[in-house]
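Structure, as structure tokens:
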Amino acid sequence: MASAFYNVNDVKRILECADSHAYKVIRELREEMAKKGYILPPAGKISKAYFDERLYGCPKEQLA
């Protein structure tokens, strides 16, 4: 079963960035989610749906 979360390696690959930047992005997105009242994924991970929405600017369904 595919995971519903991206980890730091996934974020690094998608953004083509260093570890430190990937961790920063995950941290910032998790803070946004917490402020909006979302239940947070495990530490060091970010929801694929939330990440894709923030990265591409639209819900994942609209990307197809």
Exercise. Any residue at all in the range 38-48 that is surrounded by 17 or more Cβ atoms within 10 Å (Cβ to Cβ), part of a loop (DSSP other than H, G, I, E, B) and either modelled with pLDDT of 90 or more or among the aliphatic types (A, V, I, L, M) (or both)?
Worked result: yes
Exercise. Any idea how many residues of the range 49-64 are of a type in the set (Ser, Thr, Tyr), open to solvent by less than 70 Å² (accessible area, probe 1.4 Å) and at pLDDT below 90?
Worked result: 0
Problem set entry | Count of the range 1-33 residues which are open to solvent by 70 Å² or more (accessible area, probe 1.4 Å) and basic (Lys, Arg) | 3
Exercise. Within the set of pairs 6+ apart or on separate chains, which have a first residue in the range 14-32 that is farther than 13 Å from Lys45 by Cα, a second that is open to solvent by 90 Å² or more (accessible area, probe 1.4 Å) and of a type in the set (D, E, K, R), and C-beta atoms under 8 Å apart?
Worked result: Glu32/Arg54
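The values are calculated or read from the model by the stated rules, or taken from the named source; none is laboratory data. Bear in mind that the values here come from a model prediction, so they are computed numbers and not experimental data. Every residue, glycine among them, receives a Cβ derived from its backbone with ideal geometry; neighbour counts consider all protein chains shown. Keep in mind that these areas ignore ligands, DNA and RNA; they rest on the heavy atoms of the full protein, side chains included. Shrake-Rupley method; radii C 1.70, N 1.55, O 1.52, S 1.80 Å.
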